[in-house]
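Here is the structure we will look at, set down as structure tokens.
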Amino acid sequence: MGAFSNYTVVLMITEGRRREIVEFLLFLMAKTQKNKATAHHLGLLKAKLAKLRRELLAPPSKGGGGAGEGFDVTKSGDARVGLVGFPSVGKSTLLNKLTGTFSEVASYEFTTLTCIPGVIIYRGAKIQLLDLPGIIEGAKDGKGRGRQVISTARTCNCILIVLDAIKPITHKRLIEKELEGFGIRLNKEPPNLTFRKKEKGGINFTSTVTNTNLDLETVKAICSEYRIHNADVSLRYDATADDLIDVIEGSRVYIPCIYVVNKIDQITLEELEILDKLPHYCPVSAHLEWNLDGLLEKIWEYLALTRIYTKPKGMNPDYEDPVILSSKKKTVEDFCTRIHKDMLKQFK
């Protein structure tokens, strides 16, 4: 175990070899007891694992389509929402009912083999909805078309994880694991910590709260794995090794997510009440069109869009065609850019 902590991963190794090392690291982490004495060792293993997964999923520098590339679907409308789930959970039916777009529906798995886009017009906003192919366990490590599916999911403003009401909890955990492994953080905010590289002075570690997960030794080990020997790390909450790795990697995306539990017509009222305790949950029956309005309302809430109504000079306000802005980007500058990029140059 101790000898492995000094193991250096060679970059020019084959994809198959990387997968073997990823599985070996996961095995080591599963066998290691989690306590204060092993925190340093686990932090180092997590850093190695994050680096390997990034290399495994990164597109090659030369040649054809990259391993980490998504489906070639042009982003359009005011927001993009992706349907993610295992095969035959009702994603295509949901797309058909919400958008009127045809996506083939059948009783066998993997009916949808590419990305099917549709558009929802809701409250004056055009929301692009993507029906992504079903993913399988191991998608984050390149199995099936998992790379393309999850790469496209990274570009979405909101993700709908479609679950079968018969086995929602099992599927929920598996899909979360796949998305987490690809750097997608669901319903989370970026870690509230500061990481700044510097020219000299070593690793300076400070915190405004009591830490139970990180200490100077663990921080130094993680930074060393990324060949960072001089940096300031400042914590404002009890952060974990995963939080620090996320900040160092810098490629994580934080996306709101709704768990759409489909086929609720096949379960009892008692089971539905149990599922109702899930956070970020919305029950629907796509086939029978139950609660689709409730789902649209929840999508609007999670996208956090703002409607701006314009008033032409000397005329009444135009309430038919609002300008749609994200709640995080709603300055006058954002408004001008949304209408036309040249408008900002002439703006007074």
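Brief remarks follow.
- The lone exception for D293 - which of (1) without any contact (Cβ under 8 Å) to a residue 24 or more places away in the chain; (2) within 30 Å of R80 (Cα to Cα); (3) assigned to a loop (DSSP other than H, G, I, E, B) it fails: (3)
- Complete set of residues in the stretch 284-338 that are in contact with an Asp or Glu (Cβ under 7 Å, 6 or more places away or on another chain), among the hydroxyl-bearing types (S, T, Y) and farther than 29 Å from T93 by Cβ: Y309, T310
- Looking only at the stretch 165-184, and only at residues there that are open to solvent by 20 Å² or more (accessible area, probe 1.4 Å) and of a type in the set (D, E, K, R), the one that is nearest to K46 (Cα to Cα): E180
- Residue match in the stretch 331-343 (condition: assigned to a helix (DSSP H, G or I), in the same structural domain as G100 (by the TED database) and in contact with a Phe, Trp or Tyr (Cβ under 8 Å, 6 or more places away or on another chain)): no
- Just one of (1) at pLDDT 65 or above; (2) out of contact with any helix residue (DSSP H, G or I) (no Cβ under 6 Å at 6 or more places or on another chain); (3) closer than 26 Å to I267 by Cβ fails for I161. It is (2).
- Some residue of the stretch 196-218 being outside any helix (DSSP H, G or I) and closer than 29 Å to V84 by Cβ: no
- Scanning the stretch 256-298 for residues that are surrounded by 15 or more Cβ atoms within 10 Å (Cβ to Cβ) and either in the same structural domain as C223 (by the TED database) or not hydrophobic (A, V, I, L, M, F, W, C) (or both) yields a total of 10.
The values are calculated or read from the model by the stated rules, or taken from the named source; none is laboratory data. Keep in mind that this is a model prediction, so the values were computed, not measured. Cβ coordinates were reconstructed from backbone atoms using ideal geometry, including for glycine residues, and neighbour counts include every protein chain displayed. Note: accessible area is taken over every heavy atom of the protein model, side chains too, but ligands, DNA and RNA are not part of it. Shrake-Rupley method; radii C 1.70, N 1.55, O 1.52, S 1.80 Å.
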